[in-house]
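Novice: Handing you a structure now.
Values quoted throughout were computed directly from the atomic coordinates according to the rules given, and no laboratory measurement underlies them. These numbers come from a predicted model, not from an experiment. Note: ideal-geometry Cβ built from the backbone for every residue, glycine included; neighbour counts use all protein chains shown.
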Amino acid sequence: MLAFVRLTEKELDELYTFSTQTFKDTFASQNTAKNMTLYLEEHMSKSKLLEELTNPDSHFYFAYKDKDCIGYLKLNFNTAQKESIAYSKPYEVERIYVLKKWQRKGFGTQLFEKAIQMGKEQDCEHLWLGVWEHNTTAIQFYTQWGLVPIGSNNFMLGTDLQTDLLYCLNIK
């Protein structure tokens, strides 16, 4: 069973290292090095992560197996959400990552369960998220959970215009 720790500004350096590593591990093989660098500099710099960490409507959690940090989660509530979703009491799962060496061991499921639990604790009714249209592993994971497609949006990775598919789950 995983232990979860909500992050504060004190964990900025660890969050920076962890988030850039998991993003590279997940997407570098399918994107150019230039676009990856541009994206990370703009969206996962220490200053950007600090801004997100200090937003009271954004919640970051590290997931620990014993003493090993194996994954992390970012949830957005209220105005921190990236899109306006036409569902009652929505919240966004913006990031959910497990380090490669810990994948396929059920830890993604535990992170997702934590995401649902936190939404319920905030009195939310609908969880939503965006997932890159080429991330078939994640799409399969979310559809197994019962998330349904509700649309799409554009996503800029560096200079490459990509499509994120939007999915929603009623958690009430």
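Novice: Going by the conditions given, is Ile85 among the β-branched types (Val, Ile, Thr), in contact with a His (Cβ under 8 Å, 6 or more places away or on another chain) and either surrounded by 14 or more Cβ atoms within 10 Å (Cβ to Cβ) or closer than 19 Å to Leu169 by Cβ (or both)?
Specialist: Yes: the conditions hold for Ile85.
Novice: Give the number of residues within the range 113-155 that are among the aliphatic types (A, V, I, L, M), assigned to a strand (DSSP E or B) and out of contact with any Asp or Glu (no Cβ under 9 Å at 6 or more places or on another chain).
Specialist: Total satisfying the criteria: 2.
Novice: Name the single residue that is nearest to Phe23 (Cα to Cα) among those in the range 116-125 being surrounded by fewer than 19 Cβ atoms within 10 Å (Cβ to Cβ) and of a type outside the set (D, E, K, R).
Specialist: Ile116
Novice: Mind counting the residues in the range 130-149 that are in contact with a Cys (Cβ under 8 Å, 6 or more places away or on another chain) and either at positive phi or buried (at least 16 other Cβ atoms within 10 Å of the Cβ) (or both)?
Specialist: The qualifying residues number 1.
Novice: Just one of Gly71, Gly119, Gly106 is without any contact (Cβ under 8 Å) to a residue 12 or more places away in the chain and under 23 Å from Asn135 (Cβ atoms); which is it?
Specialist: Exactly one of Gly71, Gly119, Gly106 is without any contact (Cβ under 8 Å) to a residue 12 or more places away in the chain and under 23 Å from Asn135 (Cβ atoms), namely Gly106.
Novice: Still on this structure, I have one more. Need the failing condition index for Gln162 against (1) under 16 Å from the mean Cα position of the chain (by Cα); (2) within 17 Å of Arg95 (Cβ to Cβ), just the number.
Specialist: (1)
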